[in-house]
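Readers should treat all values here as calculations from the given coordinates under stated rules, not as data from a laboratory. Computed from a predicted structure; not experimentally measured. In this analysis, Cβ positions are derived from the backbone assuming ideal geometry, glycine residues included, and neighbour counts consider all displayed protein chains.
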């Protein structure tokens, strides 16, 4: 209970909390992790961005996987961890959310798009790789079923792809910059459910700490930044944050 009370105190004292979420917050909603041992990428080979560009059969396989994953996303519900983040942002304690997740559960929990930096993209939508025109996944599926080929953009005939950052695809520099700027502004930076191994996202908590923020890591497993953290909690995310909310409310 001591760790819960420490975290509740940090939240109560903070005026500019920034959250950083990874796969661990969504596994509690039943969404499989991609990168952990036994995760999705240990069972199927990831598709490289250059191969998506070069080979129609690989594009079709990428879309097949996307529709499979989207079914999982649609069946999942935001959990107590997602709702805690939403509450903090809604009541002005938090100034933003950086997420590595592509499942859209934060938005479904009530976080507005302008409060979220989706540093690895969003798997619930698609866009043209050339002109960036959006396309709904449902529209992409209709085109694939009708034409038997990967969808093309109606505006410029460019390739359409799910709006996620694939292996080998350049990171969106505007998102990276926005995440770094949020980290610089924070006075409390809370990592939730991330192993902090994927760069450049994994270096962002250190930017917050170098600018004076307290660093909290809430994750089941050890991370590469544990030595830098001011507080580490290894317990289940939803359960922990529910207790923090109760303690925080009672102490105000």
Practice problem: Quick one: give the max-minus-min coordinate of the C-alpha atoms of the chain along each principal axis, largest first, in Å. | Solution: 60, 32, 32
Quiz item: What angle do you read, to the nearest 10 degrees and between 0 and 90, between the alpha-carbon axis of helix 80-90 and the longest principal axis of the chain?
Solution: 80
Exercise. Would you mind computing the Rg to Rh ratio of segment 202-250 from its alpha-carbon coordinates, Kirkwood style for Rh?
Key: 1.02
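Output the peptides 54-60, 205-211, 227-233 sorted from most to least packed, where packing is the average of other Cβ atoms within 10 Å over each peptide's residues.
Answer by packing, highest mean first, reads 205-211, 227-233, 54-60.
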Exercise. Would you mind checking the tilt of helix 237-250 against the longest principal axis of the Cα atoms of the chain, expressed as 0 to 90 degrees and rounded to 10?
Key: 40
Self-check item: Separation in nanometres of the label points that stand 7 Å from Cα toward Cβ, at residue 87 and residue 71
Solution: 3.5
Quiz item: Just how far, in whole angstrom, is segment 86-117 from segment 130-149 if you go by their alpha carbon centroids?
Solution: 27
Self-check item: Cα centroid separation, segment 196-250 to segment 1-35 (Å)
Solution: 6
Quiz prompt | Label-point separation, residue 136 to residue 249 (7 Å along Cα→Cβ), nm | solution = 3.7
Quiz prompt | Rounded tilt (10° steps) of 137-147 against the dominant C-alpha axis of the chain | solution = 20
